[in-house]
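Structure record follows, encoded as structure tokens.
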Amino acid sequence: MLRQNDNDLAIATNNSMRAGLSLGATSGLLLRRFDSSPATLAGVKESSSFEPASLMKTAHHLTAMQRVFNGTQSLSDPITVLTGLNGSCPTGTGPVTRTLETVLRNMMEQSSNTDTWALQASYGAGLIENTCTAAGAAGIDLNHILGCLCGSPRNQARLIDFAAIHEYVADGNIGDFEEEFHSLMLNLSLIHISEPT
């Protein structure tokens, strides 16, 4: 006898998501609604650690916005970004100065590894991990520079960590900067926004 061990939404979403993947590919999903109970509507491997690539930049973004909320940093503060790249890996060359706001926008909208490295070098992996842990995202583990496949232990996170970060922001923990947190993640030039008539 077979027993269904997940809900219909999780099964249907997983089947749809995996339709284009090879049989050996690993995948997962987490569908949550923060204003409902239970919050988790569907999940597959949501507690499994994985190498999140650019999704990890959400941890850097939270840390910066938490610092802005706490008053230890301003969105207009200058940040030195070393713009040189070897493939996708920052090389530590080509310094330019940008505002924190521009660094965050480049990191989140364009997935800039050099802007991400500027923040990680400035804050340290420990501060980023501790900020995430305080937000309920204890599985964030930064072990190497994003974009560099350098033989170091992999960076790790879980889908539940990213849900925790977004829930932390939605719960008002960065105050009036919640809207800024989200707007810096959007490439508004690619989104058509219709005004109500």
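The values are calculated or read from the model by the stated rules, or taken from the named source; none is laboratory data. For clarity, every value in this text was computed on a predicted model and none was experimentally measured. For the accessible areas, the whole protein counts, side chains as well, though only heavy atoms, and no ligand, DNA or RNA atoms are used. Shrake-Rupley method; radii C 1.70, N 1.55, O 1.52, S 1.80 Å.
Using θ = phi - 60° in the Karplus curve 6.51 cos²θ - 1.76 cosθ + 1.60, the 3J(HN,Hα) couplings for the stretch 59-71 round to 5, 5, 4, 4, 4, 4, 5, 5, 5, 5, 4, 6, x Hz; x is entered for Gly and Pro.
First obtain the Kirkwood hydrodynamic radius of the stretch 77-170 from its Cα pairs, then insert it into the Stokes-Einstein equation at 20 °C and 1.002 mPa s, and state the resulting D in µm² per second as a whole number. Present the calculation step by step, with values, prior to reporting the outcome.
Numbers: Rh = 14.0 Å.
For these conditions, the coefficient is 153 µm²/s.
Size descriptors for the stretch 13-135, from the alpha-carbon set: Rg then Dmax equal 17.5, 50 Å.
Under a 1.4 Å probe, what is the accessible area of the stretch 16-167 per residue, stated in Å²?
Numbers: 7230 Å² over 152 residues.
That works out to 48 Å² per residue.
Derived from the Cα gyration tensor, the three semi-axes of the equivalent ellipsoid of the stretch 124-190 are 24, 17, 10 Å, largest first. Database remark: amide H of T99 closer than 5 angstrom to the amide H of I79 (H placed geometrically; neighbours at sequence offset of 5 or more, or on other chains; Pro and chain starts carry no H). Solvent-accessible area assigned to carbon and sulfur over the stretch 102-184 amounts to 46 percent, based on a 1.4 Å probe.
For L85, the amide hydrogen comes within under 5 Å of the amide hydrogens of T91, counting only partners 5 or more places away or on other chains and with H modelled in the peptide plane.
With contacts taken as Cα pairs under 8 Å and at least 6 residues apart, the stretch 45-197 reaches a relative contact order of 28 percent.
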